[in-house]
Amino acid sequence: MSDMSIDFRSDTVTRPSAGMRAAMAEAPVGDDVYGEDPSVAALEAQVAGMMGKAAGIYLPSGTQSNLVALLSHCARGEEFIAGQEAHCYKYEGGGAAVLGSIQPQPVENLSDGTMALAAIAAAIKPEDVHFARTRLLALENTIGGKVLPADFVAAATDLARAHGLSTHLDGARIFNAAVASGVEALALAAPFDSVSVCLSKGLGAPVGSVLVGTPELIEEAKRWRKMLGGGMRQAGIVAAAGLYALKNNVARLADDHARARRLAEGLGAHQAIAVEMPQTNIVFLKVDPAVAEAFSGHLEAEGIRVSGRYGAQRWVTHLDISDADVERALAVVDAFFKG
Ligand SMILES: *Cc1c(COP(=O)(O)O)cnc(C)c1O
């Protein structure tokens with residue numbers, strides 16, 4: 001791979017900037033398992049405040065944050081409802097089932113990322129010895145780069161509450177949803193008992209997620225985090241990157257969204273490419289099977305890295321993708337179809 005390579009695979013590939021590294025170097029630290037790391041405490045309080053929740057807990061990854069949330073909400077033999085495409089159902093190794101004896105109840109996602117309310121209602125089990133106890137509804141925003149419609153979130157969480165369920169939001173990219181919709185993260189988080197926020201996606205921190213909720217839930221989460229091996233010591237070094245990201249890298253997500261739209265327009269101008277217009281920073285496209293393999297080979301040879309196979313590609317914009325990178329990538333694509 002040449003050093004001219006441009007990496008659109010994911011918004012997780014960003015490297016900490018000089019400013020972020022300086023903040024990390026200067027971070028005050030302590031032993032966070034003893035609750036003595038001031039930078040971790042500041043990050044937890046800040047995310048909790050931004051989401052309108054009373055408490056927060058810093059975790060090494062979004063996967064562990066969702067897992068700890070599921071373990072804290074649900075007991076052995078209980079179940080959670082989530083979309084068939086939800087990260088916490090499909091992309092986390094079945095952790096809740098493996099480690100918590102918690103049964104997932106997937107429900108089909110519609111093309112806009114929502115689920116039919118009737119399908120959610122039908123998945124909620126009545127009290128009966130035959131059934132696992134339905135305990136939690138988990139939603140995701142953004143999901144597949146799409147912002148969940150507010151009326152769906154309100155109706156689905158109302159439905160959950162009416163059946164005595166708790167609610168969790170996988171808000172790995174909640175700030176993308178906030179910036180794209182012009183609705184504050186606080187309002188997007190309001191209908192949920194707990195929210196998980198990733199710092200290592202579009203926000204550009206090297207690692208880390210924060211789970212927020214009630215003090216009782218977060219106390220329970222601390223126990224599970226320790227058991228899973230996620231209790232970290234002088235974690236302020238990495239938490240400081242999260243604080244820096246929240247201060248400097250939220251509003252600029254709008255640039256990623258604009259670049260994703262520009263990419264989608266440029267890619268979609270070609271007959272052989274069908275593009276979905278992105279709402280945030282993720283562009284999905286389908287390449288005509290007749291040229292898909294040659295197209296992938298051409299991108300690779302030119303140092304354009306993307307996700308996906310068999311002509312179904314995902315291009316993600318992020319902190320380390322500039323306007324010039326977008327234009328160069330589109331020129332590479334143009335050259336393929338002209339050549
Ligand atoms: C990336 C992601 C996660 C998991 O985060 P990791 O830090 O990669 O474990 C969870 N949910 C969603 C929606 C994500 O995009």
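The values are calculated or read from the model by the stated rules, or taken from the named source; none is laboratory data. Bear in mind that the values here come from a model prediction, so they are computed numbers and not experimental data. With ideal geometry, Cβ positions are generated from the backbone for all residues, glycine too; neighbour counts draw on all protein chains shown. Ligands, DNA and RNA are stripped out before the accessible areas are found, and what is left, the full protein with its side chains, is counted by its heavy atoms. Shrake-Rupley method; radii C 1.70, N 1.55, O 1.52, S 1.80 Å.
Assorted remarks:
- By the rule of a C-alpha distance below 16 Å, with chain neighbours fewer than 8 residues away ignored, the lysines paired with residue 201 are 146, 247.
- Phi-based couplings in Hz for the range 23-29 (Karplus 6.51, -1.76, 1.60; Gly and Pro marked x): 4, 5, 4, 9, 5, x, 9
- With θ taken as phi - 60° and the Karplus curve 6.51 cos²θ - 1.76 cosθ + 1.60 applied, the whole-hertz 3J(HN,Hα) list for the range 276-285 is 8, 5, x, 8, 10, 10, 10, 10, 9, 9 Hz, x standing for glycine and proline.
- Working from Cα pairs under 8 Å separated by at least six residues, relative contact order for the range 252-338 is 31 percent.
- Overall dimensions of the range 97-229 as given by Cα atoms, namely Rg and Dmax in Å: 15.5, 47
- Calculated accessible area for the chain comes out at 44 Å² per residue, all protein chains present (probe 1.4 Å; ligands, DNA, RNA ignored).
- Förster radius 35 Å - calculated FRET efficiency between residue 116 and residue 25 (Cβ-Cβ, nearest 0.05): 0.10
- Cα long-axis angle, helix 38-51 against the chain (0 to 90 degrees, to the nearest 10): 90 degrees
- Considering only beta bridges that DSSP places wholly inside the chain, some 50 percent are antiparallel.
- Under 5 Å between amide hydrogens, built in the peptide plane, is the criterion, and for residue 83 it picks out 107 among residues at least 5 positions away or on other chains.
- Solution diffusion estimate, µm²/s, Stokes-Einstein, the chain, Kirkwood Rh from C-alpha pairs, 10 °C, viscosity 1.306 mPa s: 76 µm²/s
- Residue by residue, the range 296-307 carries 3J(HN,Hα) couplings of 4, x, 5, 4, 4, 4, 8, x, 9, 9, 9, 8 Hz when phi is fed to the Karplus relation 6.51 cos²θ - 1.76 cosθ + 1.60 (θ = phi - 60°); x denotes Gly or Pro.
- Cut-off under 5 Å, modelled amide H: who pairs with residue 166 long-range: 136, 137
- Paramagnetic reach from residue 288 in the range 321-339 [backbone N under 15 Å; point 7 Å along Cα→Cβ]: 334-339
- Overall, the accessible surface of the range 57-198 at a probe of 1.4 angstrom is composed of carbon and sulfur to the extent of 55 percent.
- Extension gain, residue 130 to residue 227: 0.36 nm times the residue separation minus the Cα-Cα distance gives 31.8 nm.
- Sum of -39500 (n - 2.57) over DSSP H runs of 4+, divided by residues of the chain (222 nm, nearest 500): -13000 deg cm²/dmol
- Peptides ranked, highest mean first, by Cβ atoms within 10 Å: ranges 308-320, 59-71, 265-277: 59-71, 308-320, 265-277
- Subtracting the Cα-Cα distance of residue 269 and residue 214 from 0.36 nm times their residue separation leaves 14.9 nm of extension gain.
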